[in-house]
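Colleague: Before we start, here is the structure in question, set down as structure tokens.
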Amino acid sequence: MRLVVVSAGLSVPSSTRLLADRLATAVSDRAGGQGAVDVRVVELRDLAVEIAHNLTTGFPGPALASALDAVATADGLIVVTPVFSASYSGLFKSFFDVLDPEALTGRPVLIAATGGSARHSLVLEHALRPLFSYLRAVVVPTGVYAASEDWGAEGLAERIERAAAELAGLMRGLTAGARVAAGPAGSADRAGSPPESVQVPVSVPAPGGPVGAGGFEVIPFEQQLAALRPE
Amino acid sequence: MQFGIFSVGDVTPDPTTGRTPTEGERIKAMVAIAQKAEEVGLDVFATGEHHNPPFVPSSPTTMLGYVAARTEKLILSTSTTLITTNDPVKIAEDFAMLQHLADGRVDLMMGRGNTGPVYPWFGKDIRQGINLAVENYALLHRLWREDVVTWEGKFRTPLQSFTSTPRPLDDVPPFVWHGSIRSPEIAEQAAYYGDGFFHNNIFWPADHTKRMVELYRSRYAHYGHGTPEQAIVGLGGQVFMRRNSQDAVREFRPYFDNAPVYGHGPSLEEFTDQTPLTVGSPQEVIEKTLTFREYAGDYQRQLFLVDHAGLPLKSVLEQLDLLGEEVVPVLREEFAKGRPAGVPEAPTHAARVAAAKEVTVS
């Protein structure tokens, strides 16, 4: 399974990255343990110039293209931003602005943020969750916010564990779901599957659906034309 | 293989002098550039279509008609004709008229436009962009091939027993390219009709162009028009040349740094590394252009953008001299080498008339 962690922290070391790492470890532990989860961390600071260039040119440079590909093929995502001016940082938003708008459809995402005080904690609910809902991601119910004071207080570890369990459950479920869809051999994997209440989206190609070529999917032209014929 | 130039028709201040040409000067400059293209032995001149400042070419067939009267061999084309917001009936009429006046030296490239507001200006909905391209072209295709058309669609008022006049020259419609940068649906449309596909790759990395062209080629074969290698492909390119490479870079840098499209973004060096832009000697342009077929396959038409970013007319004409004298003759020779026998020539009216006669006889 592939877990991609997007961290928009700017300082080194950064508390955003610290939170990202804590979450990534917790998710890995629960999603199958060491070796079962391939974790890739995308540090947006390293991509800042390429992200800005992508906004002006319309295409990503090599390092950004690789990060966008990783995000678009991940089984699960952890996204962490510092709170800037009452919202996610501009760099964080710009990264998701240059991502293909379809890339996150149906993908499980854990949202997290860091800030100087607890007064901004609802940024998860009023900024991050709507962004990822718009991108049609499956956002896990628990978001994790860490203010400076949380690092020494009780509660953060529990929130990390709860959110990680939710993301790991969805990731396992999606992978198991894909195996079930692929054939009966996959049914054995359902032992240790997520709680029954977790919905497992399985994509079923529509009849006469898109055809693939050159790495693209297209609707056959006859269908496109037929859809326009007056009743 | 055909070589030519395509113009966006932008009015851009020259960043080295601060001077902005008037619309009149820019329009006359485009015409001078087109005539020069013929003079130096290029095959094609294509103009964009825009309906907002800072662009001048809102009326392509007017301009191309004027150029047709002042040239003898040059193929007149567009880059692109807005199939979304123009009435397909008017496109059928305008380009058939141009075809007669230019003795068949006409083809055109369909596109959807680069400005969102152009849709509402013409009473259309941008969310229907692809659907408009699909329906309007389906009608245009019939208007040029059927003398009497009865038609009903979603976007245009119905037609009852309508004849578009004049009929295409020799009853052979102008060849059509479908231009697209990132919409696979348009590659699919071009493949369905067996028309040409032009990928305007000038701002895009090679692997993206490769994937779009591969899609078009495989779907062209799927629809039974021939093998993937027989599909008709056109590509863009943009160049600035001086005999000495360093001179080209020094002279072009202020234009690059301030260009409306790529200015204030990546450096000239990063951009030339990642896209087809070549700034250097004629030899460097030759070498870069020859790499295009490595990812697009053997293709039929190569158009260069040379009159952009506020470059003065004099510099643009010098570019055309270098293209005509030093670059294109070598490219013609090199592209011909190793070109498989089955790869078709670029479409011309004469060849299409001959092919149509063959079909009628057999």
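The values are calculated or read from the model by the stated rules, or taken from the named source; none is laboratory data. None of the values given here were measured: they were computed from a predicted structure. Here the Cβ is made from the backbone with ideal geometry for all residues, glycine too, and neighbour counts use every protein chain on show. Keep in mind that these areas ignore ligands, DNA and RNA; they rest on the heavy atoms of the full protein, side chains included. Shrake-Rupley method; radii C 1.70, N 1.55, O 1.52, S 1.80 Å.
Colleague: Starting from segment A:218-231, keep only residues that are at the interface with chain B (Cβ under 7 Å from one of its Cβ atoms), then list their pairs with residues that are among the β-branched types (V, I, T) and in a helix (DSSP H, G or I) whose Cβ atoms are within a distance under 7 Å, requiring at least 6 positions of separation or different chains.
Modeller: Here the result reads A:Q224/B:V134; A:L225/B:V134; A:L228/B:V134, each pair linking segment A:218-231 to a residue that is among the β-branched types (V, I, T) and in a helix (DSSP H, G or I).
Rundown of residues vs (1) farther than 21 Å from A:A137 by Cβ; (2) of a type outside the set (D, E), yes/no style:
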| site | (1), (2) |
| --- | --- |
| A:P13 | yes, yes |
| A:G32 | yes, yes |
| A:E43 | no, no |
| A:S66 | no, yes |
| A:A74 | no, yes |
| A:T81 | no, yes |
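Colleague: Same structure again: State which residue is modelled with the lowest pLDDT when the search covers only segment B:294-321 and only residues that are out of contact with any Ser or Thr (no Cβ under 7 Å at 6 or more places or on another chain) and in a loop (DSSP other than H, G, I, E, B).
Modeller: Per the criteria, the residue is B:H308.
Colleague: Looking at A:P201, is it modelled with pLDDT under 75, away from chain B (no Cβ under 14 Å) and either in a strand (DSSP E or B) or surrounded by fewer than 11 Cβ atoms within 10 Å (Cβ to Cβ) (or both)?
Modeller: No, not satisfied.
Colleague: Continuing with this model, one more query. Check whether at least one residue in segment B:225-239 is open to solvent by 40 Å² or more (accessible area, probe 1.4 Å), assigned to a loop (DSSP other than H, G, I, E, B) and hydrophobic (A, V, I, L, M, F, W, C), and report yes or no.
Modeller: No: segment B:225-239 contains no residue that is open to solvent by 40 Å² or more (accessible area, probe 1.4 Å), assigned to a loop (DSSP other than H, G, I, E, B) and hydrophobic (A, V, I, L, M, F, W, C).
Colleague: Quick one: in segment B:289-323, of everything that is basic (K, R) and buried (at least 18 other Cβ atoms within 10 Å of the Cβ), which residue is farthest from the other protein chains (Cβ to nearest Cβ)?
Modeller: B:R301
Colleague: Please verify whether B:D43 is in contact (Cβ under 8 Å) with a residue 12 or more places away in the chain, open to solvent by 10 Å² or more (accessible area, probe 1.4 Å), touching a strand residue (DSSP E or B) at 6+ places or on another chain (Cβ under 7 Å) and farther than 29 Å from B:G129 by Cα, treating the condition exactly as stated. Walk me through how you get there before you give the answer.
Modeller: Values: in contact (Cβ under 8 Å) with a residue 12 or more places away in the chain: yes; open to solvent by 10 Å² or more (accessible area, probe 1.4 Å): yes; touching a strand residue (DSSP E or B) at 6+ places or on another chain (Cβ under 7 Å): yes; farther than 29 Å from B:G129 by Cα: yes.
Yes.
Colleague: Quick one: how many residues across segment B:198-215 are farther than 22 Å from A:Q224 by Cβ, open to solvent by 30 Å² or more (accessible area, probe 1.4 Å) and modelled with pLDDT of 90 or more?
Modeller: 1
Colleague: Six or more apart or on different chains, Cβ atoms under 7 Å: show the pairs whose first residue is in segment B:200-211 and farther than 17 Å from B:G111 by Cα and whose second is among the small types (G, A, S) and open to solvent by 40 Å² or more (accessible area, probe 1.4 Å).
Modeller: Going by the 7 Å Cβ cut-off, the qualifying pairs are B:R211/A:G215.
Colleague: Which of (1) without any contact (Cβ under 8 Å) to a residue 24 or more places away in the chain; (2) on the phi > 0 side of the Ramachandran plot; (3) not charged (D, E, K, R) is the odd one out, the single condition A:G90 does not satisfy?
Modeller: Unmet condition: (2).
Colleague: Given the options A:R119, A:R190, A:R136, name the one that is at pLDDT 95 or above and either within 14 Å of chain B (Cβ to nearest Cβ) or surrounded by fewer than 18 Cβ atoms within 10 Å (Cβ to Cβ) (or both).
Modeller: Working: A:R119 fails: at pLDDT 95 or above; A:R190 fails: at pLDDT 95 or above.
Criteria check complete, one pass: A:R136.
Colleague: Looking at (1) touching a helix residue (DSSP H, G or I) at 6+ places or on another chain (Cβ under 7 Å); (2) modelled with pLDDT under 95, find the lone condition where B:W121 falls short.
Modeller: Unmet for B:W121, out of (1) touching a helix residue (DSSP H, G or I) at 6+ places or on another chain (Cβ under 7 Å); (2) modelled with pLDDT under 95: (1).
Colleague: Follow-up question, since we're still on this one. Looking at (1) in contact (Cβ under 8 Å) with a residue 60 or more places away in the chain; (2) closer than 21 Å to B:A356 by Cβ, which one does B:R156 not meet, given that it meets all the others?
Modeller: Evaluating B:R156 over (1) in contact (Cβ under 8 Å) with a residue 60 or more places away in the chain; (2) closer than 21 Å to B:A356 by Cβ leaves (2) as the failure.
Colleague: Return yes when A:A36 is assigned to a helix (DSSP H, G or I) and either free of Cβ contacts under 8 Å to residues at least 60 places away in the same chain or not β-branched (V, I, T) (or both) and no when it is not.
Modeller: no
Colleague: Then there is this: Just give me the residues in segment B:179-210 being part of a loop (DSSP other than H, G, I, E, B), more than 8 Å from chain A (Cβ to nearest Cβ) and on the phi < 0 side of the Ramachandran plot, in sequence order.
Modeller: The answer is B:I181, B:R182, B:S183, B:D195, B:N200, B:N201, B:I202.
Colleague: Has segment A:71-88 got any residue that is surrounded by fewer than 16 Cβ atoms within 10 Å (Cβ to Cβ), over 30 Å from B:P205 (Cβ atoms) and of a type outside the set (S, T, Y)?
Modeller: Scanning segment A:71-88, I find at least one residue that is surrounded by fewer than 16 Cβ atoms within 10 Å (Cβ to Cβ), over 30 Å from B:P205 (Cβ atoms) and of a type outside the set (S, T, Y), so the answer is yes.
Colleague: Given (1) at pLDDT 95 or above; (2) open to solvent by 60 Å² or more (accessible area, probe 1.4 Å), identify the lone condition not met by B:D195.
Modeller: It fails just one condition, (2).
Colleague: Report yes if B:G226 is more than 14 Å from chain A (Cβ to nearest Cβ) and at positive phi, otherwise no.
Modeller: yes
So that you can scan it fast, the table gives a plain yes or no per residue for (1) touching a His at 6+ places or on another chain (Cβ under 7 Å); (2) open to solvent by less than 20 Å² (accessible area, probe 1.4 Å); (3) under 24 Å from B:F6 (Cα atoms):
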position: B:W121; (1), (2), (3): yes, no, no
position: B:L140; (1), (2), (3): no, yes, yes
position: B:D147; (1), (2), (3): no, no, no
position: B:F162; (1), (2), (3): no, no, no
position: B:A187; (1), (2), (3): no, yes, yes
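Okay, residues lined up against (1) within 24 Å of B:T47 (Cβ to Cβ); (2) within 14 Å of another protein chain (Cβ to nearest Cβ):
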| site | (1), (2) |
| --- | --- |
| B:M212 | yes, yes |
| B:S218 | no, yes |
| B:G234 | yes, no |
| B:V239 | yes, no |
| B:R250 | no, no |
